[in-house]
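The values are calculated or read from the model by the stated rules, or taken from the named source; none is laboratory data. Predicted model only: the values in this text are computed from it and were never measured. As a convention, Cβ positions derive from the backbone with ideal geometry for all residues, glycine included, and neighbour counts pool all protein chains shown. Side chains are part of the model used for accessible areas, which takes the heavy atoms of the whole protein and leaves out ligands, DNA and RNA. Shrake-Rupley method; radii C 1.70, N 1.55, O 1.52, S 1.80 Å.
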Amino acid sequence: MYKLLFQQLRQISRTATKQVRPTAALATTQNNSEEKIDVTKALEGWDEKLRLSEVGDIEFNLKCIVAKVLNRKFNTLNTYHNVQFNREQLKEFERLCEARCARMPLQHIVGEWDFMDITLKTAPTVFIPRPETEEFVSKVISVYRNVMEPVDMLEVGCGSGAMSLAILHALPNVKSTAVERSKAATALAWENAKRLNLQDRFKVYNHTTAENDYLPKELEGRKFDLIISNPPYVKTEEFALLQPEVKLYENLNALDGGPDGLRIARLVFDCGCLHLKPGGKMWMELGSDHPQLVQTIMDTQYEGRLRFVKGYKDQYKRNRFVELEKV
């Protein structure tokens, strides 16, 4: 998968190099290695190209790419006045814009992304958390903010580490153990923990959660106060409806929830039965049609083991998040 993505980016780069012609500002003194071009001039035409490629929020996308090329934080780039590219930066800008026109996710292009109050390194094939996941994490944090005693948390399927690390950043009394089936994501989560200086309270294991093999042997018998998970919940039949950024560049294994979208969620339920302390909570982000179904599943299949506490809506008024409790 990595090789395929890098080959695509190289091809985009070659195409961009063939297509790009020196702008008027550069063409005047091409022999000057220190030649500069105003960013406002370099931007000309790209809004239309991105629009034709059906990229949304074009102004935001371009600003992120400009900040990436200039090695500046997005929020420090309040204006393009007196902001310039050198020749190499201009080439890089045009290459990255071509990649975005090819619908490569912006997060992969810039190489890092803000999530809650932390900045995470991103990588191809590792799922990018969505804004709704920030809502989910905020809700968990609000519930546990006033808890003074230590909280031992487990995350099933941590990806880049976004959820666990955001919670650790906000709540110093929490320690997180995470499991992740992708080796690339496991390495990235650990790298992000070290970048954020949270490695002392974060441990991640490369393990594929499966029936009767929910956690690695090192965690056999462990009981947790809290389990969080954003498992794959897209129904297999819905894959054709996904955006090109997702279908072409994301790891689809991180999205496929099976016929009803709850294939992996059911494994997390079973994991909770074995590894939650009595009274411990499980929080999950799922699809909009899942909370009511989960309540039915709890009532009919997990009675005496797990209890449905409540479902919560996201900012779009869709039922997305569920809270369960170990009986």
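Output the number of the condition that residue 5 fails; it satisfies all remaining conditions of (1) open to solvent by less than 30 Å² (accessible area, probe 1.4 Å); (2) modelled with pLDDT of 90 or more; (3) in contact with a Ser or Thr (Cβ under 8 Å, 6 or more places away or on another chain).
In the conditions (1) open to solvent by less than 30 Å² (accessible area, probe 1.4 Å); (2) modelled with pLDDT of 90 or more; (3) in contact with a Ser or Thr (Cβ under 8 Å, 6 or more places away or on another chain), residue 5 misses (2) alone.
Being surrounded by fewer than 16 Cβ atoms within 10 Å (Cβ to Cβ), within 18 Å of the chain's Cα centre (by Cα) and either at positive phi or at pLDDT 65 or above (or both) is the filter here; which residues of the stretch 216-252 pass it?
Within the stretch 216-252, 243, 244 qualify.
Which condition number does residue 61 fail, the rest of (1) part of a loop (DSSP other than H, G, I, E, B); (2) of a type in the set (S, T, N, Q); (3) surrounded by 16 or more Cβ atoms within 10 Å (Cβ to Cβ) being met?
The number of the failed condition is (1).
I'd like the full set of residues that are of a type outside the set (Asp, Glu), modelled with pLDDT of 90 or more and either surrounded by fewer than 14 Cβ atoms within 10 Å (Cβ to Cβ) or over 14 Å from residue 272 (Cβ atoms) (or both), limited to the stretch 293-316.
The first filter runs over the stretch 293-316 and keeps only residues of a type outside the set (Asp, Glu), leaving 293-298, 300-302, 304-313, 315-316.
Checking the rest, the ones that are also modelled with pLDDT of 90 or more come to 293-298, 300-302, 304-313.
The answer is 293, 295, 296, 300, 301, 304, 310, 311, 312, 313.
Only one of (1) at pLDDT below 85; (2) closer than 25 Å to residue 127 by Cβ fails for residue 65. Which number is that?
Status for residue 65: all satisfied but (1).
Is there a residue in the stretch 180-190 that is within 25 Å of residue 148 (Cα to Cα), without any contact (Cβ under 8 Å) to a residue 60 or more places away in the chain and among the hydrophobic types (A, V, I, L, M, F, W, C)?
So the first thing to find is which residues in the stretch 180-190 are within 25 Å of residue 148 (Cα to Cα), and the list is none.
Within the stretch 180-190, none of the residues are within 25 Å of residue 148 (Cα to Cα), without any contact (Cβ under 8 Å) to a residue 60 or more places away in the chain and among the hydrophobic types (A, V, I, L, M, F, W, C).
Taking only pairs six or more apart or across chains, which ones have beta-carbon atoms under 7 Å, a first residue in the stretch 300-326 that is assigned to a loop (DSSP other than H, G, I, E, B), and a second residue that is among the aliphatic types (A, V, I, L, M)?
Final answer for the pair search is 304/327; 305/327.
Residue pairs, Cβ under 8 Å, 6 or more apart or interchain, first in the stretch 202-217 and under 14 Å from residue 270 (Cβ atoms), second basic (Lys, Arg). List them.
209/181; 215/222
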